[in-house]
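Beneath this line is the structure, given in structure tokens, with notes to follow.
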């Protein structure tokens, strides 16, 4: 299937490694011109080199997506290099804290800034040009905990902010639909990334297979591969997904037990 992404301009935050990188790679391999962001300039440069070595037209812009000025710089660099942004992928990680008592009031404020405001900043930066052209894609990389909270271990910062972001995406999807712009979230489960290693360590588990198969935590009994998420994101970025908006799409191998 031709996803018709050739020549499209995509920005992907948190893309120097892991899931963000896999999405940037998938978009790039479909012909999109990709600008990626990360707070680590060294890792970012390495990611750009890898993308280019694999035939992807890419550029990196270091920055913190929770800082509006950095987001503006990121999007402006994409405009200056390739043109107006067609596809914007927001991907950031919440602070790593386990248990309510471990999370200070300041932690909750910081988590809101990191998780919610980063999405808002990016959306505001790209939506006007999308409206002018009558087409665009907003894709948020969320977590399955937006549908079924992490309770073992308890991750309050992630649970609260992920749910809020899903609500934001649903809200703006309704407003943007008349302009040919879709907005969707991907409710991601356990994937083989550095983040997953931290999560397992908090549970006293060092082996992905052990976690996946224990009491069938994951129905397919394995962790996801980043390229599987990349493929789904690429489809949502394509013209074939015009009729999908305002959704929170689980991709968790059956880990969530929630019906809806």
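The values are calculated or read from the model by the stated rules, or taken from the named source; none is laboratory data. Bear in mind the structure is a predicted one, so any value in this text is a computation, not a measurement. FYI the Cβ positions are ideal-geometry reconstructions off the backbone, even for glycines, and counts take in every protein chain you see.
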Restricting the stretch 88-110 to residues that are surrounded by 17 or more Cβ atoms within 10 Å (Cβ to Cβ) and under 16 Å from the mean Cα position of the chain (by Cα), the residue that is farthest from residue 78 (Cα to Cα): 94
Residue match in the stretch 169-179 (condition: in contact with a helix residue (DSSP H, G or I) (Cβ under 6 Å, 6 or more places away or on another chain) and surrounded by 17 or more Cβ atoms within 10 Å (Cβ to Cβ)): no
Which numbered condition residue 154 misses (of (1) crowded, with 16+ Cβ neighbours inside 10 Å; (2) over 17 Å from the mean Cα position of the chain (by Cα); (3) at pLDDT 95 or above): (3)
All positions within the stretch 214-238 that are over 19 Å from residue 196 (Cβ atoms) and exposed (fewer than 13 other Cβ atoms within 10 Å of the Cβ): none
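Every residue, every condition in (1) in contact (Cβ under 8 Å) with a residue 40 or more places away in the chain; (2) not in a loop (DSSP other than H, G, I, E, B), yes or no:
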position: 149; (1), (2): no, no
position: 164; (1), (2): yes, yes
position: 182; (1), (2): yes, yes
position: 187; (1), (2): yes, yes
position: 201; (1), (2): no, yes
Filter result for residue 46 (farther than 13 Å from residue 237 by Cα, in contact with a helix residue (DSSP H, G or I) (Cβ under 7 Å, 6 or more places away or on another chain) and either buried (at least 24 other Cβ atoms within 10 Å of the Cβ) or assigned by TED's automatic domain parsing to the domain that holds residue 120 (or both)): no
